[in-house]
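The values are calculated or read from the model by the stated rules, or taken from the named source; none is laboratory data. This structure is a prediction, so every number in the text was calculated from the model and none was measured. As a convention, Cβ positions derive from the backbone with ideal geometry for all residues, glycine included, and neighbour counts pool all protein chains shown. Quick note on the areas: whole protein, heavy atoms, side chains included, nothing else; ligands and nucleic acids left out. Shrake-Rupley method; radii C 1.70, N 1.55, O 1.52, S 1.80 Å.
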Amino acid sequence: MQGRLYRYGYACVSFGEPLSLTEFARENDIDFSGHHETGDPVERKAREAHFAGVQKLGEALLGEIGAIIPVLPVALVATVLLENEDHWMGDLELKSRVFDLIQRIEAAGYHVHIPRHDRDYMLETGIRMLKMRHIMEANDDGLHRANLNEQLLLEYYANSIAHIVAAVRAGEGAEGARHVERQGAS
């Protein structure tokens, strides 16, 4: 009897363009210099402006980070399963739905990590990982669907790309999402 050793999945790290705090502050007319609480109404207004600037910076950073997050196999399959949670699907239908999602994500400019540069292998990896964790179930006819008892875990995986899927559906792209990818199996 020969067993098979499978890796736990894929990890992928992306590095975005550096953001200059000085340039960001200048372009957005924000003063990040320290302020002191004196109770003075003028100081209070300066404090509110300071925190509004911090909020704007935080939103800009989240947007930049969200644009370069790589889309991984498990997240793709989990997303499709959640969208069709009560529907049993055959292999061809499941793969077709995932490949359609990949096409839309790539067309919007986001990076989809394709292990071994093989899309079929990528999909098999995503399916295998979810089956190994009992997050995906199969019936006697060989059809698949989400294991509804593991919905929270399925949502966890799908949420890693939920912002990308939402942006793609809204017709938004990953403009300016230039990055260098460092990848490996874990």
* Taking region 107-125, which residues are open to solvent by less than 50 Å² (accessible area, probe 1.4 Å) and of a type in the set (A, V, I, L, M)? -> 108, 112, 114, 122, 123
* Out of 128, 47, 104, report the one residue that is at pLDDT 90 or above, open to solvent by 70 Å² or more (accessible area, probe 1.4 Å) and not hydroxyl-bearing (Ser, Thr, Tyr). => 104
* To do: Please identify the pairs in which a residue from region 5-18 that is closer than 26 Å to residue 134 by Cα and open to solvent by less than 80 Å² (accessible area, probe 1.4 Å) has its Cβ atom under 8 Å from the Cβ atom of a residue that is polar (S, T, N, Q) and at pLDDT below 75, counting only partners at least 6 apart or on another chain.
  => 9/186; 10/183; 10/186; 11/183; 11/186; 12/183
